[in-house]
């Protein structure tokens, strides 16, 4: 059962299909553009959508709003330093701000950021800084249904070849280890693997950074899957941070924040360059674009994030949801992550080619059928786009993200039944084409249109 009581409730919006059809049409058939007032169950993302605890709400009242040197920052700094072991702690208003600051300070132009999986904004910020993101996951991640417990691991042989100069190409500016690998299915990285990467990076003088947005869930999955059976999630998280030279972290995920993040850095010179950018673009170095009350609630959230009973429930809820979807006949990615359940939309929508975005078709029909908002993670989000054709992503996934401490088992049972209904008439659905898209991160703001059956056959 849920290891908490519910002290406040919010009414769900219920609409009919006609209303949702109008809403989706006005949004350019992009669920990111749909008003939240038209969504009954919102599984678009787990970022910034969690429910804060009574302790976090109480901490808000004690926030110190001094411009410089606020006591809220000092408590935040102490808590983050205790967690990471890194000397320099810079608050930022969210994770992507930390990405921008770090990559600009590291002068990535003409260099590579090597990762087990850059997420969308991370890759975009590498590109905007003049660098090139390279993702190389373990080969064991290729099997969608394999039970291998650490599919978030990086391809260590590929990294070794790159750092030893055997594979050529640009200089590696940093290795970025994403915890967990959201873009690849929410899979964890093994602690022993992180230590191997750290040893290799230090032998070649290449800095290792963590993208630690889901550090607590990654730690719990390590505990659950036998990496450190005598430890606690908090102790495992500390060990992960101590393998690295620094970290960028969105606090909108595991720590239940609606806003916030940090950069933690050991290198003095790099920290100074990052601090200059924070002061110029985020705010003074002791608030980084956040209010003192935000810092206070996040400090409390860092403590709560690694609570074992909460994490055990978090995982069991995701696992039960995955089983319910599998019982409906859906191909669900295994092993189950904590923050989301991923469906192989390409397998469900076999008749829709990647260039027509099968996961978009699935997600939009789920919204129309049941008011459930989800996220496409396929060729719209992860594919590269060119003037001719639509190069496909590696997979066409539908992600059902789980906001923390928000929805109950009955909510997720409703979603599972709705997904099953949509899958039962999948062959009647058609694909989409893009009408307008920006240069970067097109899935957030692109407008699309549905194709009719005759158009799809001609393309």
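The values are calculated or read from the model by the stated rules, or taken from the named source; none is laboratory data. Keep in mind the model is a prediction, meaning the values are calculated, not measured. Quick reminder, even Gly has a Cβ in these numbers, built from the backbone with ideal geometry, and neighbours come from all protein chains shown.
What the table shows:
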quantity: Pick from region 308-328, criterion in contact with a strand residue (DSSP E or B) (Cβ under 7 Å, 6 or more places away or on another chain) and crowded, with 20+ Cβ neighbours inside 10 Å, ranking: farthest from residue 403 (Cα to Cα); calculated: 325
quantity: Tally of residues being in a loop (DSSP other than H, G, I, E, B) and at pLDDT 95 or above across region 409-445; calculated: 4
quantity: Matching residues, region 329-371, being in contact with a helix residue (DSSP H, G or I) (Cβ under 7 Å, 6 or more places away or on another chain), within 19 Å of residue 402 (Cα to Cα) and part of a loop (DSSP other than H, G, I, E, B); calculated: 330, 331, 336, 337, 338, 339, 371
quantity: Members of region 41-53 found to be touching a strand residue (DSSP E or B) at 6+ places or on another chain (Cβ under 8 Å) and assigned to a loop (DSSP other than H, G, I, E, B), listed by number; calculated: 43, 44, 45, 46, 47, 49
quantity: Residues that are farther than 23 Å from residue 341 by Cα and either buried (at least 20 other Cβ atoms within 10 Å of the Cβ) or at pLDDT below 95 (or both), drawn from region 297-307; calculated: 297, 298, 299, 300, 301, 302
quantity: Residue tally, condition closer than 21 Å to residue 208 by Cβ, buried (at least 21 other Cβ atoms within 10 Å of the Cβ) and at pLDDT 95 or above, over region 225-242; calculated: 4
quantity: Out of 95, 117, sole residue that is at positive phi and in contact with a strand residue (DSSP E or B) (Cβ under 7 Å, 6 or more places away or on another chain); calculated: 117
quantity: Residue within region 346-353 that is under 23 Å from residue 55 (Cβ atoms), crowded, with 24+ Cβ neighbours inside 10 Å and in contact (Cβ under 8 Å) with a residue 40 or more places away in the chain present; calculated: no
quantity: Residue 103 part of a strand (DSSP E or B), touching a helix residue (DSSP H, G or I) at 6+ places or on another chain (Cβ under 8 Å), modelled with pLDDT of 95 or more and closer than 16 Å to residue 176 by Cβ; calculated: no
quantity: Answer from 194, 173, 198, 141 - the residue that is modelled with pLDDT under 95 and either in a helix (DSSP H, G or I) or in contact with a helix residue (DSSP H, G or I) (Cβ under 9 Å, 6 or more places away or on another chain) (or both); calculated: 141
quantity: Selection within region 1-40 - touching a strand residue (DSSP E or B) at 6+ places or on another chain (Cβ under 7 Å) and either surrounded by 15 or more Cβ atoms within 10 Å (Cβ to Cβ) or assigned to a loop (DSSP other than H, G, I, E, B) (or both); calculated: 28, 29, 30, 31, 34, 39, 40
quantity: Hits in region 54-92 (condition: in contact with a strand residue (DSSP E or B) (Cβ under 6 Å, 6 or more places away or on another chain), part of a helix (DSSP H, G or I) and buried (at least 22 other Cβ atoms within 10 Å of the Cβ)); calculated: 80, 84
quantity: Residue count, region 274-296 (criterion: at positive phi and either over 23 Å from the mean Cα position of the chain (by Cα) or surrounded by 24 or more Cβ atoms within 10 Å (Cβ to Cβ) (or both)); calculated: 2
quantity: Which listed residue is over 17 Å from residue 99 (Cβ atoms), within 16 Å of the chain's Cα centre (by Cα) and in the same structural domain as residue 77 (by TED's automatic domain parsing), from 229, 233, 188; calculated: 188
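Condition check ((1) under 20 Å from residue 117 (Cα atoms); (2) in contact with a strand residue (DSSP E or B) (Cβ under 8 Å, 6 or more places away or on another chain); (3) in a loop (DSSP other than H, G, I, E, B)) across all residues:
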residue	(1), (2), (3)
213	yes, yes, yes
219	yes, no, no
223	no, no, no
255	no, no, yes
259	no, no, yes
263	yes, yes, no
269	no, no, no
